[in-house]
Amino acid sequence: MNRTVLILALLLSLVLLTGSSRRSIMMAKVAVPSVSYLVSEDAEGTGTPSGWTDGSGPDWDYTTTVLEGAQSFKTASAGMSSLISFTAGSERWFYCLFRTANLNDQYAVRLRDGSNFQLAAVRTLADGTVRVYSGTTDFSATAAGFVSANTTYSVWLQYVKGTGANSVARCYVSTTTTLPSVSAEFTTGSETTDCAQLYLQPNQADICIWDHIRVSATSIGSTPP
Ligand SMILES: [Ca+2]
Ligand SMILES: [Ca+2]
């Protein structure tokens, strides 16, 4: 191979390599999913985040047992809470990391309508049962021993508005961020109003910690960004 041929071969290799790299980058860009949340809060800033309304001074800058990043959201009494409103819709999905020091009849999360009425909620009982509530009185059956105290869980909650006896409240609970099969559901609910509000409020004086809080109009899958 003379010098001219060698230089041409090197130039051709460089062109092919550059094209290949560009294709790889373009493919990588295409592979990134487009996610648009109605609520996306990691509690990393200082104090109560914009859009949230607190009750009885919960801690948005909690650093002792952080679930993700440098800070988490913590409540430590039955009155502590925070709520945020979002665009109302007939179907809403919620996700968060959640941990409680005591299962003791805790509400982990509630999705409500614009009139502060509970449409769907996740509740843990002292025996480790996880219940999903549809409205305030209907709830799913779930076996005892499903969850434990002082363990971090991923919690998904789905609400779908109904027309009389067919609204849906469905929750998924896992120790990993991979969406599991349904953990608890109630599919014959009587809720007929749009979901417009997220309300985080335990009903016992135990430490509850939340992080990576998300609300979406469409399904939230595994390891949500
Ligand atoms: Ca955080
Ligand atoms: Ca914070």
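All of the numbers you see were taken from the coordinates with simple rules; none came from a lab. What you see is a predicted model; the values in this text were computed from it and never measured. For neighbour counting, all protein chains shown are included, and Cβ atoms are generated from backbone atoms with ideal geometry for every residue, glycine included.
Each residue, A126 and T177, gets one label point 7 Å from its Cα in the Cβ direction; the gap between the two is 3.5 nm.
Need one word for the stretch 171-225: rounded, prolate or oblate. Basis is the Cα gyration tensor (sqrt eigenvalues a ≥ b ≥ c); a/c below 1.5 gives rounded, then a/b vs b/c decides. Verdict is rounded for the stretch 171-225. Computed from the C-beta positions of A144 and N203 and an R0 of 22 Å, the FRET efficiency is 0.70 to the nearest 0.05. Assuming a ≥ b ≥ c are the square roots of the Cα gyration tensor eigenvalues, decide whether the stretch 71-225 counts as rounded (a/c under 1.5), prolate (otherwise, with a/b larger than b/c) or oblate. Because its axes are fairly even, with a/c under 1.5, the stretch 71-225 counts as rounded. With the simple model of a label 7 Å out from the Cα in the direction of the Cβ, T188 to T63 spans 5.2 nm.
Ordering 103-112, 175-184 by mean Cβ neighbour count within 10 Å, with the highest value first, yields 103-112, 175-184. Each part reduced to its alpha carbon centroid, the stretch 126-163 and the stretch 164-225 end up 8 Å apart. Residue by residue, the stretch 160-177 carries 3J(HN,Hα) couplings of 10, 4, x, 10, x, 9, 9, 6, 10, 10, 9, 10, 10, 10, 8, 7, 10, 8 Hz when phi is fed to the Karplus relation 6.51 cos²θ - 1.76 cosθ + 1.60 (θ = phi - 60°); x denotes Gly or Pro.
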